[in-house]
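Here is the structure we will look at.
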Ligand SMILES: C[S@@+](CC[C@H](N)C(=O)[O-])C[C@H]1O[C@@H](n2cnc3c(N)ncnc32)[C@H](O)[C@@H]1O
């Protein structure tokens, strides 16, 4: 991927490569957050994340890649973990920071490209991805997976919550188990420990949400 050039005023992508979703819609991710909640922005943490946290699934410093307006990151931070949420959508990050202040929760939110996480210069014992992986097309996955590997401690855990291809009312970017296993391969520094059927809540599905995979992936 080559970096784009230009000033911020003329480049809504801040010098990074637009993602496949941005190329398809012709809009930066930030636009999704400017006129009210985005379709995925349910205003509370995903139940799958809450359950995993309740079961003691988080440890050490935590990164939320593609954190949006921060409800998942804030839930984990409220349990006492040090959490960094990153996103390219500055409007979403401003909302996340306001939620943190309003709720009195210490959590950090920063602009960062999930395809270039090594630029953070930090490592995390637990990384979560709620809806970021499934926005990547096949060509983008290797770079995203390598970027995640660059910031995940060896022996650390990555959770990926994504739309699944199984069942009625699948979400817009359904992912198969095979695609998850192919992306997070031992050759890339990952071992898929479990892929469990779960649900993703959205603003446009009923209370039961959409079929999802909750993948637990260990950094080798
Ligand atoms: C489907 S939304 C999910 C947001 C949040 N995790 C949630 O559960 O509400 C995907 C998020 O990934 C962010 N995103 C997409 N591409 C990104 C990139 N290259 N770097 C950082 N964030 C990105 C979008 O701005 C958006 O907030």
inquiry  = Within region 119-136, take every residue that is near the ligand (Cβ under 7 Å from one of its atoms) and within 19 Å of residue 47 (Cβ to Cβ) and give me the one that is surrounded by the most Cβ atoms within 10 Å (Cβ to Cβ).
reply    = 130
message = For the structure I just gave you, tell me whether residue 108 is more than 21 Å from residue 220 (Cα to Cα), in contact with a strand residue (DSSP E or B) (Cβ under 9 Å, 6 or more places away or on another chain), free of Cβ contacts under 8 Å to residues at least 60 places away in the same chain and more than 8 Å from the ligand (Cβ to nearest atom).
response = yes
task = Of the conditions (1) within 18 Å of residue 48 (Cα to Cα); (2) buried (at least 17 other Cβ atoms within 10 Å of the Cβ), residue 147 clears all except one; give me its number.
result = (1)
task = Could you please let me know if residue 155 is part of a strand (DSSP E or B) and away from the ligand (no atom under 15 Å from the Cβ)?
result = yes
ask   = Which of (1) under 15 Å from residue 158 (Cα atoms); (2) within 10 Å of the ligand (Cβ to nearest atom) is the odd one out, the single condition residue 46 does not satisfy?
value = (1)
query = Out of (1) surrounded by fewer than 22 Cβ atoms within 10 Å (Cβ to Cβ); (2) part of a helix (DSSP H, G or I); (3) within 13 Å of the ligand (Cβ to nearest atom), the odd one out for residue 142 is which?
reply = (3)
note = Filtering region 184-218 down to residues that are part of a loop (DSSP other than H, G, I, E, B) and in contact with a helix residue (DSSP H, G or I) (Cβ under 7 Å, 6 or more places away or on another chain) yields 184, 189, 201
message = When you check residue 158 against the structure, is it in contact with a helix residue (DSSP H, G or I) (Cβ under 7 Å, 6 or more places away or on another chain) and more than 20 Å from residue 29 (Cβ to Cβ), yes or no?
response = yes
query = Filtering region 161-183 down to residues that are outside any helix (DSSP H, G or I), modelled with pLDDT of 95 or more and out of contact with any helix residue (DSSP H, G or I) (no Cβ under 6 Å at 6 or more places or on another chain), which residue is farthest from residue 42 (Cα to Cα)?
reply = 176
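The values are calculated or read from the model by the stated rules, or taken from the named source; none is laboratory data. Everything numeric in this text was worked out from a predicted model, so none of it was measured. For neighbour counting, all protein chains shown are included, and Cβ atoms are generated from backbone atoms with ideal geometry for every residue, glycine included.
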